[in-house]
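Colleague: Dropping the structure in here first, questions after.
The values are calculated or read from the model by the stated rules, or taken from the named source; none is laboratory data. Values in this document were obtained by computation on a predicted structure and should not be read as measured data. In this analysis, Cβ positions are derived from the backbone assuming ideal geometry, glycine residues included, and neighbour counts consider all displayed protein chains.
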């Protein structure tokens, strides 16, 4: 019995050994195969390793480019006021008179004009020498596409402080910004407009040489920005202290550009005088980048200037001495010839430098069909009128349009004519 049990036990041990232990050599081979399978494959020396693509370098930001449209003196002598009246609509329709300038004004990112009249209320209305025009004139300027008016000029006090004050009330009501005159000391202390011109920030300031001998109201000494200390007499002493302080305040607003709109010079002269040059130099040397002049009622030159930054660098500035009359009933000695000016403003978004990089103008002509005609006055795009004609032209209109273009070329330079070469 014992021997049989031992035999069974031995058989069980042998069977267990056969199931759990491989023959000699097989275990080493199995272990070697498993190790070999777990090792990475040897690299092929003939193949170059693939590298991840290098990231593209960041592209510099594109410059910001904007346009500023500028027009001359918007005046309403009584012949023009009377012609603007539209009995059917019951309004003074200045929009009809100015319509040809609309596409150029609307195309710009921002547009400015010199409002050389008061909006003192009426009727009655009046023209030279004490201007007072219908409120409809302000609405028409806004509807045409203007954003800002210079209100400091020699006619600002034609209807006294009350007329000056009401003019600003009307402009506020219709949504036109304004610089140059103030209703309160608080307004005068910050009499500048910071505007967004197509993504470029521009501060606008406004001044006049005088007030046609009308003293500023003693109770409202702040009401008008005068650049002469002797505005009632010789008109020849620049108020350097005031202008320096104003330009410093404008710079403190950290704009891209500073533009000064200024009423200056000698009427009916097609060349700026020495005093205008001195004033422009002073403005540029104290922070102005753009100087936009008026008052002469005729065209005067314009040019790009190289301005010293004060730290060894330079940038381009721009001065226009006069664009003449935008609208008026004057029709002699170039007073009926004007232009819509467009400035190209560019900010380098790498360096932060902003400057006037180009400019162009479109010659315009104020047609006067003479007394008795209806409508009598119409501002014309000179090239468009030559090409397409106008209703009820005068016998000499084509000759006058060609002369207007020639005069623009003579005074402003032909190379900046927007349509240069298109006049057949």
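Colleague: Report yes if residue 102 is touching a helix residue (DSSP H, G or I) at 6+ places or on another chain (Cβ under 9 Å) and under 27 Å from residue 223 (Cβ atoms), otherwise no.
Modeller: Taking the combined requirement at face value, the residue does not satisfy it.
Colleague: Could you tell me whether residue 297 is modelled with pLDDT of 95 or more, crowded, with 17+ Cβ neighbours inside 10 Å, touching a strand residue (DSSP E or B) at 6+ places or on another chain (Cβ under 6 Å) and assigned to a loop (DSSP other than H, G, I, E, B)?
Modeller: When the stated conditions are applied, residue 297 passes them.
Colleague: Which of the residues belonging to region 255-270 are without any contact (Cβ under 8 Å) to a residue 60 or more places away in the chain, in contact with a strand residue (DSSP E or B) (Cβ under 8 Å, 6 or more places away or on another chain) and not in a strand (DSSP E or B)?
Modeller: Listed by number, the residues that qualify are 264, 265, 269.
Colleague: Out of all the residues in region 276-294, which are in a helix (DSSP H, G or I) and over 20 Å from the mean Cα position of the chain (by Cα)?
Modeller: Matches in region 276-294: 276, 277, 278, 279, 281, 282, 285.
Colleague: Ok, one more. Check off (1) in contact with a strand residue (DSSP E or B) (Cβ under 9 Å, 6 or more places away or on another chain); (2) within 19 Å of residue 71 (Cβ to Cβ); (3) surrounded by fewer than 23 Cβ atoms within 10 Å (Cβ to Cβ) for residue 142 and give me the number that stays unchecked.
Modeller: Of the numbered conditions (1) in contact with a strand residue (DSSP E or B) (Cβ under 9 Å, 6 or more places away or on another chain); (2) within 19 Å of residue 71 (Cβ to Cβ); (3) surrounded by fewer than 23 Cβ atoms within 10 Å (Cβ to Cβ), the odd one out for residue 142 is (1).
Colleague: Name every residue in region 234-251 that is in contact (Cβ under 8 Å) with a residue 40 or more places away in the chain and closer than 13 Å to residue 189 by Cα, in order of residue number.
Modeller: 243, 246, 247, 249, 250
Colleague: Which residue out of 157, 119, 171 is touching a residue at least 40 places away in the same chain (Cβ under 8 Å) and in contact with a strand residue (DSSP E or B) (Cβ under 6 Å, 6 or more places away or on another chain)?
Modeller: Residue meeting the stated conditions: 171.
Colleague: Sticking with this one: Restricting to region 141-177, give me the number of residues that are closer than 25 Å to residue 347 by Cα and touching a helix residue (DSSP H, G or I) at 6+ places or on another chain (Cβ under 8 Å).
Modeller: So the count comes out to 4.
Colleague: Could you tell me whether any residue of region 224-244 is within 26 Å of residue 351 (Cα to Cα), touching a helix residue (DSSP H, G or I) at 6+ places or on another chain (Cβ under 7 Å), modelled with pLDDT of 95 or more and not in a loop (DSSP other than H, G, I, E, B)?
Modeller: no
Colleague: Let me ask another. Filter region 202-223 down to the residues that are over 30 Å from the mean Cα position of the chain (by Cα) and either assigned to a helix (DSSP H, G or I) or surrounded by 13 or more Cβ atoms within 10 Å (Cβ to Cβ) (or both) and list them by number.
Modeller: 212, 214, 216, 217, 220
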